[in-house]
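Each value in this text was obtained by applying a stated rule to the coordinates, not by laboratory testing. This one's a predicted model, so the numbers in the text were calculated from it and none came from an experiment. Neighbour counts are summed over all protein chains in view; Cβ atoms, including those assigned to glycine, are modelled from backbone coordinates with ideal geometry.
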Amino acid sequence: MERSAVHHDARVLADNFRYHRMIRYPEACVPWVMGQELGWVVCSPLDITLSPVREVQIAAGDDQLQEAGRLLGRSEFWRRGDGFIATERNDWARAYQFRGTEGGWEAMFLPNGAGTVEWRLGWGIRIPADSLLLVTGLDDSPGVRVPTGVMTGRQINRTWDGAGFSLAIEPTAVVTLHKGQPIARLVLLGRDSVQASIEERGDA
């Protein structure tokens with residue numbers, strides 16, 4: 001982090017003003033600074049305006065989608081697993097397509113459920129197989145929430161030879177992201193940092 005400017009402002013106040021000071025501020029807090037410098041920051045690869053995804057998850061045959069759309073007020077249907085995610089038409093989820101590794105056009109955004117979308121970023125990750133990767137949001141990303149998740153080395157390494165890494169995001173308002181703007185953080189973890197145990201007990 002670049003902290004010299006804010007330290008300079010603190011010195012100016014101390015040297016030239018009788019009462020006003022910058023005594024406690026984030027850039028002077030070592031734990032906060034280390035938290036900001038932890039891991040890798042994922043940045044938006046393009047300028048884009050996002051809006052919330054109002055979805056309904058349904059099970060329907062292909063011949064029933066038109067009627068389901070009429071009843072639900074939805075016009076877009078995305079097959080995910082055994083069913084569909086039905087959404088309202090918007091100008092960003094369908095419009096952004098990129099040329100995939102096989103040469104065809106592929107969707108950059110895929111509805112993912114619970115108001116989130118997968119943002120296919122076009123690059124893969126490779127980490128040690130016994131490591132974990134923490135995916136989390138940033139402190140100052142109004143309008144876009146990144147659900148916190150932990151992925152195993154096996155899951156992450158599949159992105160290297162497959163379709164690449166996807167970041168789950170949830171637009172919570174109409175928001176414009178600019179190319180290079182930070183949107184999420186990736187942190188490499190050892191398995192010892194994440195442990196779970198189950199204790200089974202008989203009937204009381």
1/(1 + (r/R0)^6) with r = Cβ-Cβ of R24 and Q181, R0 = 41 Å, i.e. FRET efficiency to nearest 0.05, evaluates to 0.90
Taking R0 as 25 Å and r as the Cβ-Cβ distance between Q97 and T152, the FRET efficiency 1/(1 + (r/R0)^6), rounded to the nearest 0.05, comes to 0.25
Expressed as a whole-number percentage, the relative contact order of the stretch 117-204 with C-alpha contacts under 8 angstrom and at least six residues apart is 39 percent
Here the membrane-span-like helices of the chain, with no claim about any membrane, defined by DSSP H, Cα axial extent at least 24 Å and mean Kyte-Doolittle at least 1.0, are none
Calculating semi-axes √(5λ) of the Cα gyration tensor in Å from this structure picks out, from (1) 39, 25, 19; (2) 25, 22, 16; (3) 30, 25, 18, entry (1)
Distance in Å, no decimals, from the C-alpha centre of the stretch 126-170 to the one of the stretch 86-113 is 19 Å
Scoring the chain by relative contact order with C-alpha pairs under 8 Å, at least six apart, yields a percentage of 24 percent
Residue-normalised 222 nm signal for the chain, counting each DSSP H run of n ≥ 4 as -39,500 (n - 2.57), nearest 500 deg cm²/dmol, is -5000 deg cm²/dmol
